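Working notes for the structure below.
The values are calculated or read from the model by the stated rules, or taken from the named source; none is laboratory data. Because the structure is predicted, anything quoted here is derived from the model rather than measured. Backbone-built Cβ (ideal geometry, glycine too); neighbour counts: all protein chains shown. Heavy atoms of the whole protein, side chains included, go into the accessibility calculation; ligands, DNA and RNA do not. Shrake-Rupley method; radii C 1.70, N 1.55, O 1.52, S 1.80 Å.
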Amino acid sequence: MQLRFYTITIILLLSFVGFGQALKVPDSLVDVSYEQLNESYLKIYNDTLKSNIYLNTILTKAIKDNNRERQARSYCYLSYYAKKESEKLALLDKSIKISENLSDASYLLLPYSFKGSYYYNKGNYSSALNNYLKTLEVAREVNSINYIYITQHNIALIKTHLGKYEEALSIFKEGFLYEKNKKDFDLEHYLESLLSLADSYRYNKILDSATFYNKEGIIKSKNEYKKMYSSFVINEGINQYYKKNFAAAKDSIDKGLSLKNIYNPLNAEIITLGMFYSGKIQNKLGHNEKALYYFLKQDSLVQKKKIFIPEIRQGYEFIINNYKQKKDKDKQLEYINKLLLLDSITNKQRNFVTNKLFTEFDTPKLISEKEQIIALLEKENTKISSQNIIISILLAISLIGGSYYYHRQRLYKKRFLKLLNKTNTAYQKKGRSDTDPSETSAINKETLNHLIDKLQVFEEKQGYLKQGLNAKDLAKSFGSNASYLSKVVNTFKEKNFTSYINDLRIDFVVNKLREDRIFRKYTVKAIAQEIGFNNAEAFAKAFYKKTGIYPSYFIKELEKR
């Protein structure tokens, strides 16, 4: 968030003192309610000095009234305006300490999230991850869907820095769909999600998709939210570098950098990347001295802002080789030490963060697999004495299995041909006049028609491709409830909600696989995620239930043709 500064009278400046101290509230604010103060603050939050006056007034009143909720929130907001790093963290820790003793755990969400972002912007990904995981734990506890998606987005940014590009892309896709379709649409959050998605496609070397989303961001931010326009321009410039359009890449990066406020710490990372890729472009064009200029600029930012991005390592390698060729041993040694420091910090953080992610998400699964293996080994030991019998049985089974396999392949072939020749028809909706009134008698006609129309739009817009879809959330987005929605689906679609969603996804993916050769190159896991399934197993099961064959078989046969 970009801060703007305004001139305020010396009296107001003197009235602001350090956090937690007694503040003499301006006479004009003495009798103003919390609600009015908060409303006034939100109108001028970009004005640092005035914001501090309102927030400290709220804090002083809250301390006097022993209002712990207002205190917690005030300390958190004040951290945003604190200039000293130690003061920022102290304010956030104070907010967390107060919030931990409140009955409403949701007060912990903001300070933990702020603290995570503080460390992320400092390049301290291990501390950032610790705070994001705490945020995620609280968000799940209080069922804050918005904070769950925001925090998952932030964790995906860390995964990107670890080189886990495919995992990060999956999270960014899910977050983008959430921001795009949520009822209380927020343009800033939508554009942030769009920017990360475009960036993630580039890291996954899907460059055309990266360009598509960058261009959408450029158009929308230029017309509606200029603050993010330069970031999309720089991002597309970097993308053009990988497309080997060096002239276009240079123009975009130069334009984007010229629009960036270099004094805003939130811009430090993208400006550093802009300098790094400017150097790479000049190197590709054979302009070594210009390349050196940009790589040295990159280093200057790293030293001032303490930014440690593994991606920029090549810039230091170029500087070292350049000074080596010039036989400048002092400079060569200086930048070797800087590169060693960068490697040391990034490797240390990579190891810690990777271990933390592994511990938090993967260890329980590994323990479960270990127990299963032990159980299998114990069973295996009891079967040793019956080995000959088992071998005989296996031989018999193999003979039967061979016959069964031949029969099954013929059956699969018939089902494949039937599926291949099936025309792409829209999902059939049962007409309103065909409804059995007894099945939906609890729903008035207006609500019934409303839900039917909503389902039609939902299908047309392919809302069923969203991950984590459930009847409760979908009904809520329709302005209804899960009970009514389930009755309408049962009656008009003649199946339960899960089967309804899965069948829509399978119909979609069958046509997509038939028509899109590139899509057929995806792994089954990637296809599953693209169409909303949580994992490949659930997708394969739903595909088989609908078509009688497995997706891998269907793709293999399509490729043969």
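With a Förster radius of 51 Å, plug the Cβ-Cβ distance of N67 and F212 into 1/(1 + (r/R0)^6) and report the FRET value to the nearest 0.05.
On the way: r = 49 Å, r/R0 = 0.96.
Computed FRET efficiency for N67 and F212: 0.55.
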Environment charge at N337 (Cβ cut-off 13 Å; Lys +1, Arg +1, Asp -1, Glu -1): -1
Under 14 Å from the Cα of K306 - aspartates and glutamates, other chains or at least 8 residues apart: E85, E269, D343
Reachable lysines, given that their alpha-carbon falls under 16 Å from the alpha-carbon of K183 and they are not under 8 places away in the same chain: K454, K461, K466, K472, K476
Dipole of region 175-283, positive direction: furthest Cα of I206, V233, A249, with charges on the beta-carbon: A249
Dipole magnitude of region 458-541, debye to nearest 20 (Cβ charges: Lys/Arg +1, Asp/Glu -1, about Cα centre): 160
HN-Hα J in Hz across region 247-261 - Karplus 6.51, -1.76, 1.60, θ = phi - 60°, x for Gly and Pro: 5, 5, 4, 4, 4, 5, 5, 4, 5, x, 5, 5, 9, 7, 7
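Using 0.36 nm per residue, how much length does the chain from T523 to D251 gain when fully extended, once their Cα-Cα distance is taken away? Present the calculation step by step, with values, prior to reporting the outcome.
Working: separation 272, 0.36 × 272 = 97.92 nm, distance 3.66 nm.
Full extension of this stretch gives 94.3 nm more.
Report the FRET efficiency, 1/(1 + (r/R0)^6), for K205 and K560, where r is their Cβ-Cβ distance and R0 is 25 Å, rounded to 0.05. Please report the intermediate quantities before stating the final value.
On the way: r = 27 Å, r/R0 = 1.10.
Here the calculated transfer efficiency is 0.35.
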Gyration tensor (alpha-carbon) shape descriptor, region 50-156, a/c threshold 1.5: oblate
Sum of side-chain charges, Q467 neighbourhood, beta-carbon under 10 Å (Lys, Arg +1; Asp, Glu -1): 0
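Using the heavy atoms of the protein chains alone and a 1.4 angstrom probe, what is the accessible area of region 175-275 per residue in square angstrom?
Numbers: 4800 Å² over 101 residues.
Ligands and nucleic acids excluded, the result is 48 Å² per residue.
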Label-point separation in nm, T498 to L89, each point 7 Å along Cα→Cβ: 4.7
Cα extents of region 260-346 along the three principal axes, largest first (Å): 37, 31, 19
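With the Cα gyration tensor of region 84-134 giving a ≥ b ≥ c as the square roots of its eigenvalues, does the rule (a/c under 1.5 for rounded; else a/b larger than b/c for prolate; else oblate) give rounded, prolate or oblate? Before the final figure, lay out each step's value.
On the way: a/c = 2.99, a/b = 1.49, b/c = 2.01.
Oblate.
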L411-K445 pseudo-label distance in nm [points 7 Å out on the Cα-to-Cβ vector]: 4.8
Gained length - N481 relative to N347, 0.36 nm times residue gap less alpha-carbon distance: 43.3 nm
Cα gyration tensor, region 119-200 - rounded (a/c under 1.5), prolate or oblate: oblate
GluC sites (Glu not before Pro) within region 442-538: DSSP coil, no more than 11 neighbouring Cβ in 10 Å: E494
Extension gain, Q303 back to K97 (0.36 nm per residue minus Cα-Cα distance, nm): 70.8 nm
Loop trypsin sites (Lys or Arg not before Pro), region 23-103 (other Cβ atoms within 10 Å of the site Cβ: 14 or fewer; DSSP): K24, K83, K84
Whole-Hz ³J(HN,Hα) from phi, Karplus 6.51 cos²θ - 1.76 cosθ + 1.60, for region 127-144, glycine and proline x: 5, 4, 4, 3, 6, 5, 5, 5, 4, 5, 4, 5, 4, 5, 5, 9, 6, 8
Estimated FRET transfer efficiency (L49, D104; beta-carbon r; R0 25 Å; 0.05): 0.20
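How large is the charge dipole for region 202-334, taken about the Cα centre, if only the Cβ atoms of Lys, Arg (+1) and Asp, Glu (-1) carry charge, to the nearest 20 debye?
Computed charge dipole of region 202-334: roughly 80 debye.
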Pairs beyond 23 Å (Cα-Cα), from K94/K134; K243/K290; K304/K331; K215/K521: K215/K521
